[in-house]
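Here the structure is laid out as structure tokens; the discussion comes afterwards.
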Amino acid sequence: MKQILAIALVLVLGTGVLVAQEQTRQTETRMIIKQEKEREGFYTIRFGAWWPEDKEKEFRIGENIYDQTDAQIEQSQALGLDFHFRKMMTHPMYFDVSAGAWYTSYTFDFKEAVSNIGEEFENFDAWAVIVPVTLGLSIAPLPAESPVQPYAMAGLGAYVGITGRDKLLVSNDNRSDDTKTYVRFGWYFGGGLDFLFADTFGISLGAKYQFLEFQDVLYTQQKNFTGLQGTLGIVMVL
């Protein structure tokens, strides 16, 4: 009788161990599947600066060019936001969609630059907003579950340039605005680095070298916007 009870006890204990192991394995499998699902897409929102090639050079209006006037030019650094979504296709390849908005302003002091300027002229104030909308590909070599995600990227798309100015003639204090819009295709390459503090959140660094040149000069006296963008922000796992 004791032997039968001992055998029964061993069977019960063995069955319990097997059930516990199976439950643990299923739990680990569910956790892995859940984690892989969470890391299939990365969405970043970053703020940064853009350094285009055309900046603080001569002032041009119509056929008139005023060169060597850097001291009379005040041009703000191009600042803006970059929105970037990466969707995993098959590791390590991702499909990218990005958009942004970058703002710069420009002021030219006529009275300081040209001694014989008429009283009807004053400062020339202009601004420009560049809106890139691009598609691309990125490569992230580390496993999707890694808390550090470096990647290289490249893409192309449409770049909308919106530029405006105050008209120069201010007789009778009558000032009006003049705005134009241009669209040009361009492309970029660059890289990024995401640091994930949790499964769904972290900080993100990005750098893009944009290749963009408009057909006409914007009111900020810029035409060639080819240059480096540097950004810093947050990343969310979707």
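The values are calculated or read from the model by the stated rules, or taken from the named source; none is laboratory data. Here the structure is a predicted model, which is why all the values come from computation and not from measurement. Here the Cβ positions follow ideal geometry from the backbone for every residue, glycine too, while neighbour counts run over all protein chains shown.
Within the stretch 191-216, the set of residues being crowded, with 20+ Cβ neighbours inside 10 Å and either out of contact with any Phe, Trp or Tyr (no Cβ under 8 Å at 6 or more places or on another chain) or not assigned by TED's automatic domain parsing to the domain that holds Phe83 (or both) comprises Leu196, Gly206.
Residue check: is Phe211 touching a strand residue (DSSP E or B) at 6+ places or on another chain (Cβ under 6 Å) and more than 30 Å from Arg39 (Cβ to Cβ)? When the stated conditions are applied, Phe211 passes them. None of Phe201, Phe214, Phe225 is aromatic (Phe, Trp, Tyr) and more than 24 Å from Thr107 (Cβ to Cβ) except Phe201.
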